[in-house]
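Here is the structure we will look at, set down as structure tokens.
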Amino acid sequence: MWEYSEKVQEHFFNPRNAGALGDANATGEVGSISCGDALRLMLKVDPETERILDASFQTFGCGSAIASSSALTEMIKGMTLDEALKVSNQDIADYLDGLPPEKMHCSVMGREALEAAIANYRGEVWADDHEEGALICKCFAIDAVMIEDTVRANNLSTVQDVINYTKAGGGCAACHEGIEEILTKVLAERGESFKVTPPPSPVAASGKMSTLERVKRIQQVIEDVRPALQRDRGDIELVDIDGKTIYVSMKGACSGCQMEALTLQGVQQKMMEALGEFVKLVPVRATTPAPGLCNPK
Amino acid sequence: MNPIYLDNNATTRVDPSVVEVMLPFFTEQFGNPSSMHSFGNKVGLALKKARQQVQALIGAEHDSEIIFTSCGTESDSTAILSALKVQPERKEIITTAVEHPAILTLCQTLEKDGYTVHYLKVDGKGRLDLDEYAKLLTDKVAIVSVMWANNETGTLFPVEKMAEMANAAGVMFHTDAVQIVGKLPMDLKSSKIDMLSISGHKLHAPKGIGVLYLRRGARFRPLLRGGHQERGRRAGTENSASIVALGAACEQALEHMAYENTEVRALRDRLEKGILAQVPNAFVTGDPDNRLPNTCNIAFEYIEGEGILLLLNKQGIAASSGSACTSGSLEPSHVMRAMGIPYTAAHGTVRFSLSRYNTEEEIDRVIAAVPPIIAQLRKLSPYWGENGPVTDPAQAFAPVYA
Ligand SMILES: Cc1ncc(COP(=O)(O)O)c(C=O)c1O
């Protein structure tokens with residue numbers, strides 16, 4: 001059985017604002033019946049102030065879909081439309097004290113219903129580019145479509161690349177077979193065949209590598225991992241190199257997060273592969289914190 | 001209130017008398033049956049008895065046709081991989097679209113390795129087309145693997161007839177009989193079935209013990225090689241406590257066979273009729289006239305199964321569902337999809353599977369509990385109006401990216 005938080009259970013057993021809203025003037029219908037989750041969100045918006053006076057939902061879906069719908073309506077009642085648009089799917093999940101990774105899409109659906117309803121109120125057409133694939137990485141809730149798109153867009157070719165760019169596979173590693181299958185498929189499209197991580201280019205023992213070459217390689221690794229971090233509103237910079245200790249600063253959404261340790265580990269691993277020697281990555285606090293820190297509220 | 005367990009196709013409780021029989025094999029009877037001393041010897045005799053108890057339940061001709069394995073899944077994999085190994089020139093497999101993942105996932109992997117797998121289709125009631133099957137039986141086929149009873153709907157396939165057809169065409173035949181063994185009588189010695197899989201935990205024996213029945217003379221290659229256990233056909237020191245337990249459970253199943261097919265069946269029918277009489281827009285899936293006596297699978301339209309299970313669970317009632325959510329996948333049950341059940345019903349299927357431990361009082365409590373739960377969830381459904389489904393549901397609610 002799913003591990004639902006008390007809050008999820010409570011919202012499922014006693015959903016708030018369920019049923020049709022007679023005088024709704026904004027409606028959003030999203031979801032997929034084939035996947036078993038779909039939601040109609042109804043809002044009553046004050047035309048003067050654009051404030052949400054009332055909200056209700058009807059949901060075809062599992063316990064967490066119903067709980068996410070219920071939570072969403074509670075959260076947005078009383079907000080202006082612009083305020084409501086700032087509610088992210090993570091906010092919905094946080095409101096419910098978290099959702100299992102398999103169920104994060106329920107909160108995404110809530111957020112999309114909100115966008116659709118507001119677009120409907122404003123007379124806009126809301127188009128969805130959402131495409132959901134089978135869940136591959138259960139540690140970080142990353143699906144096949146996301147991995148495939150990232151592999152294509154960035155010409156990735158190894159499992160380690162996928163971990164660096166999407167985090168998928170960076171946890172328990174049980175999904176590496178699934179990731180290899182995606183790599184095999186996408187590589188075949190571009191006429192290549194999947195090879196297990198190519199052995200690191202025969203690096204001369206570190207004593208023989210020139211200092212300049214060594215610094216270049218360290219810089220290269222940092223540059224390689226930055227796009228993935230930036231996608232998560234984070235960043236990493238090289239601060240100093242002191243023998244086998246490499247100081248970096250983690251910025252933005254990465255700094256201080258649970259993810260920091262994991263990210264560091266991954267970068268350190270890459271660094272060791274590139275240098276062919278043991279090094280230790282040590283985070284130092286950034287002097288000027290980047291905007292948009294961990295809890296963008 | 002005592003909990004009510006109606007999920008016996010998922011797993012069963014180990015019969016208390018079975019537990020009693022197995023316990024000494026953890027303590028005083030801990031010997032290795034292969035050992036020369038008397039610690040081992042007694043265990044060896046106990047395994048022999050268990051083998052005969054299994055033999056009696058399935059009507060095998062010889063007790064040496066019983067190979068103990070670690071589970072139903074191992075038996076399934078062993079059977080199929082063995083057939084491929086002994087006939088390397090045959091690159092095709094015939095199975096059905098509604099098998100358990102123990103077969104389906106293996107077959108999908110084999111497809112990647114270059115084998116061709118034919119998945120027999122089913123009709124709206126989950127029945128096979130034997131003409132389609134007959135056409136596929138060629139000398140390219142290494143093995144046919146068809147489940148005897150479906151775990152979700154209880155629907156039975158005519159495997160005895162299908163085994164005869166395969167035999168006549170010179171093709172090996174395996175059946176995943178995990179759900180049927182212990183529920184309906186069988187007599188393998190008068191059939192043409194070459195291999196058959198059993199799982200202990202579906203018939204009140206422990207989890208982690210299974211059987212592969214292997215007809216004498218059927219060509220075979222072991223999955224696990226090593227010691228000479230199971231006459232070299234399945235290496236690894238025997239799980240003696242569980243084997244003894246499975247033997248005892250088989251003996252009990254044989255004793256309760258009539259009860260299963262009268263009393264349990266009557267309870268199942270009472271449950272089904274009781275629910276359908278009160279709940280509109282609900283129907284039985286599979287083939288109601290040809291199924292296991294303990295299984296009933298009902299589709300409740302316009303709602304999703306996980307919600308039903310959570311609300312049932314709150315009242316202490318355990319069942320399961322074919323919805324996508326409960327499986328953690330993106331699609332509802334492949335069995336419901338294969339039968340062409342629409343999504344709005346497939347996600348709302350609930351399987352009630354009974355055992356000889358269920359009582360009439362329990363069934364009546366479930367009959368009383370279900371209708372309000374369905375009504376409560378339908379109130380939340382965009383497909384449901386004041387007193388029934390909205391007119392033209394597909395038009396009335398058409399979410400984006402449906
Ligand atoms: C039809 C069928 N085959 C195989 C299995 C797998 O058995 P086991 O859990 O012993 O591996 C099951 C049980 O889940 C089943 O229902």
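The values are calculated or read from the model by the stated rules, or taken from the named source; none is laboratory data. The shown structure was predicted, so the numbers you read here are calculated from the model rather than taken from an experiment. We place every Cβ from the backbone using ideal geometry, glycine too, and count neighbours over all the protein chains shown. The protein model used for the area step is the full one, side chains on, heavy atoms only, and it has no ligands, DNA or RNA in it. Shrake-Rupley method; radii C 1.70, N 1.55, O 1.52, S 1.80 Å.
Laid out as a table, the results:
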item: Output for segment B:44-70, where each listed residue is acidic (Asp, Glu), open to solvent by 10 Å² or more (accessible area, probe 1.4 Å) and either part of a helix (DSSP H, G or I) or within 16 Å of the ligand (Cβ to nearest atom) (or both); result: B:Asp63
item: Hits in segment B:76-111 - residues which are away from chain A (no Cβ under 14 Å), within 12 Å of the ligand (Cβ to nearest atom), polar (S, T, N, Q) and assigned to a helix (DSSP H, G or I); result: B:Ser77, B:Thr78
item: Residue in segment A:1-31 that is farthest from the other protein chains (Cβ to nearest Cβ), counting only those that are in contact with a Pro (Cβ under 7 Å, 6 or more places away or on another chain) and open to solvent by less than 70 Å² (accessible area, probe 1.4 Å); result: A:Trp2
item: Some residue of segment B:259-272 being in a loop (DSSP other than H, G, I, E, B) and of a type in the set (Val, Ile, Thr); result: no
item: Within segment B:75-116, considering residues that are closer than 22 Å to B:Gly217 by Cβ and charged (D, E, K, R), the one farthest from the chain's Cα centre (by Cα); result: B:Glu89
item: Which listed residue, of B:Arg351, B:Arg291, B:Arg356, is over 13 Å from A:Gly36 (Cβ atoms) and in contact with a His (Cβ under 7 Å, 6 or more places away or on another chain); result: B:Arg356
item: Test for B:Ala177: is it within 14 Å of the ligand (Cβ to nearest atom) and either away from chain A (no Cβ under 14 Å) or modelled with pLDDT under 95 (or both); result: yes
item: B:Thr73 touching a Ser or Thr at 6+ places or on another chain (Cβ under 9 Å), within 16 Å of the ligand (Cβ to nearest atom), open to solvent by less than 50 Å² (accessible area, probe 1.4 Å) and outside any loop (DSSP other than H, G, I, E, B); result: no
item: Hits in segment B:363-382 (condition: more than 15 Å from B:Gly305 (Cα to Cα) and within 12 Å of another protein chain (Cβ to nearest Cβ)); result: B:Pro382
item: Criterion violated by B:Glu306 - all others in (1) of a type outside the set (A, V, I, L, M, F, W, C); (2) open to solvent by less than 10 Å² (accessible area, probe 1.4 Å); (3) in a loop (DSSP other than H, G, I, E, B) satisfied; result: (3)
item: Residue in segment A:141-150 that is more than 10 Å from chain B (Cβ to nearest Cβ), modelled with pLDDT under 85 and assigned to a loop (DSSP other than H, G, I, E, B) present; result: yes
item: Flag for A:Cys254 being at pLDDT below 80, in contact with a strand residue (DSSP E or B) (Cβ under 6 Å, 6 or more places away or on another chain) and either of a type outside the set (A, V, I, L, M) or assigned by TED's automatic domain parsing to the domain that holds A:Met146 (or both); result: yes
item: Top-ranked residue in segment B:343-384 [being part of a loop (DSSP other than H, G, I, E, B) and open to solvent by less than 30 Å² (accessible area, probe 1.4 Å); ranked as nearest to A:Pro15 (Cα to Cα)]; result: B:Ser381
item: Unique match (being at the interface with chain A (Cβ under 10 Å from one of its Cβ atoms), at pLDDT below 95, farther than 21 Å from B:Ile4 by Cα and in contact with a Gly (Cβ under 9 Å, 6 or more places away or on another chain)) among B:Pro332, B:Pro342; result: B:Pro332
item: Contacts under 6 angstrom Cβ, first residue in segment A:53-70 being more than 8 Å from chain B (Cβ to nearest Cβ) and surrounded by fewer than 24 Cβ atoms within 10 Å (Cβ to Cβ), partner polar (S, T, N, Q) and part of a helix (DSSP H, G or I), 6 or more apart; result: none
item: Residue match in segment B:262-284 (condition: surrounded by 24 or more Cβ atoms within 10 Å (Cβ to Cβ), in contact (Cβ under 8 Å) with a residue 24 or more places away in the chain, more than 14 Å from chain A (Cβ to nearest Cβ) and touching a Gly at 6+ places or on another chain (Cβ under 7 Å)); result: no
item: So A:Asp37, is it at the interface with another protein chain (Cβ under 8 Å from one of its Cβ atoms) and closer than 24 Å to B:Glu304 by Cβ; result: yes
